[in-house]
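Let me begin by presenting the structure, written as structure tokens, before commenting on it.
Where a number appears in this text, it was derived from the coordinates with a stated rule and is not lab data. These numbers were taken from a predicted model, which means no experiment stands behind them. Note that we place each Cβ from the backbone using ideal geometry, even for glycine, and neighbour counts take in every protein chain shown.
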Amino acid sequence: MVSIPHVLSGISIILLTIYGVDVIVGGGGAGEGFLPFDAMTRGIGFGFPPIILSFIAFFMSRNPPYKGLGIMLIITGILIIIGGAISMSSAGESENTARMAGEGGGLIAVGAIIAALGGIKIKKSLSN
């Protein structure tokens, strides 16, 4: 069954995938991918909304047990963790090393929280 939380989680995965592919194609540089944005604009437009949408999807679906939604949240969390790890690994190449490392660590933590929420959703669906 497709519900609003599933749609929100799907949008999150799509936005993170677009973000990741743009970073890979452009090498992380401003306007070098297929999106004409700098790193901050790209992060605000394609990185921040999936985080918010994932939390909304989890809390909207508190009562019904959605195993599929749990899997989607875990995928979203993993994509965010990968983005944080890439951000931390590229911090050594940047003049803003401390800021980039902090942002990468924050992304890894948020990704882990979202993946954990997905695990909780799966566990609840299996117990019902």
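Between VAL21 and PHE48, what length comes free when the chain is fully extended (0.36 nm per residue of separation minus the Cα-Cα distance, one decimal in nm)?
8.1 nm
At 7 Å along Cα-to-Cβ for each site, give me the label-to-label distance between LEU126 and ILE4 in nm.
2.9
Take each of the peptides 39-45, 69-75, 111-117, average the number of other beta-carbon atoms within 10 Å over its residues, and list them starting from the highest.
Sorting 39-45, 69-75, 111-117 by mean packing, highest first, produces 69-75, 111-117, 39-45.
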